[in-house]
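Here the structure is laid out as structure tokens; the discussion comes afterwards.
The values are calculated or read from the model by the stated rules, or taken from the named source; none is laboratory data. Model, not experiment: these values are computed from the prediction. Here the Cβ positions follow ideal geometry from the backbone for every residue, glycine too, while neighbour counts run over all protein chains shown.
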Amino acid sequence: MPKLYYSPGACSLSPHIALREAGLSFELEQVNLKEKKTKSGEDYSKINPKGYVPALKLDDGYLLTEGPAIVQWIADQKPGAHLAPANGTAERYKLQEWLTYIGTEIHKNFSPLFNPATPEETKTTVRGYLAKRFAYVDEKLEGKDYLTGSQFTVADGYLFTVTNWANFVQFDLKDYPNLRAFQARVAARPKVQEALKAEGLLK
């Protein structure tokens, strides 16, 4: 079965949620990102030379990396779970648009806020940049349960994962009511709860 390499609360939570929502059987292997060691003692840099999570080792030994690619692979294994529209449709490209936006405009802009070496002036600039992105997402969530409508998709799991980081970098989401409602909605999903508990993020 596939093996997901993860670190608690990191962006690997997104494919972890997708695996559970899809109902796929899988193994979990925790990674210490500072030491580049897996919980079982393997050298993670030899498993994934990129050195970060997530990574998904498939049954044939192929290693798939990069969250947006991994979650689409997961969705395509169980089309009946409706975690992604069918390939080749306009709806699928819209999903890919969201995955790209979350990855490049939100996910990566959290990195300086987690780095203690980042000057405070830079962090202020980054927070301003993120505020504009959150405002855009908040507007797009108006009147919808999820990013693409009433159906939960892998893009929602990804957005939930990265926006939750706001709690750890003193970024108040009070100005984004639709986003906060979205976070609560996703957090209440049984499979999301399972993933959070498995990573020790929820008692």
If the requirement is being farther than 22 Å from E97 by Cα, assigned to a loop (DSSP other than H, G, I, E, B) and assigned by TED's automatic domain parsing to the domain that holds L13, which of these qualifies: K46, K34? K34
Go through (1) out of contact with any helix residue (DSSP H, G or I) (no Cβ under 8 Å at 6 or more places or on another chain); (2) within 23 Å of L19 (Cβ to Cβ); (3) free of Cβ contacts under 8 Å to residues at least 24 places away in the same chain for Q183 and report which single condition fails. (1)
Any idea how many residues of region 110-120 are of a type in the set (S, T, N, Q) and within 16 Å of Y52 (Cβ to Cβ)? 2
Under the condition of being in contact with a Leu (Cβ under 7 Å, 6 or more places away or on another chain), surrounded by fewer than 22 Cβ atoms within 10 Å (Cβ to Cβ) and among the hydrophobic types (A, V, I, L, M, F, W, C), which residue from region 48-75 is nearest to K94 (Cα to Cα)? W73
Only one residue in T161, T118 is buried (at least 18 other Cβ atoms within 10 Å of the Cβ) and either in contact (Cβ under 8 Å) with a residue 12 or more places away in the chain or out of contact with any His (no Cβ under 6 Å at 6 or more places or on another chain) (or both), so which one is that? T161
I'd like to know if region 125-136 contains one or more residues that are in contact (Cβ under 8 Å) with a residue 12 or more places away in the chain, of a type outside the set (S, T, N, Q) and either assigned by TED's automatic domain parsing to the domain that holds I17 or part of a loop (DSSP other than H, G, I, E, B) (or both). no
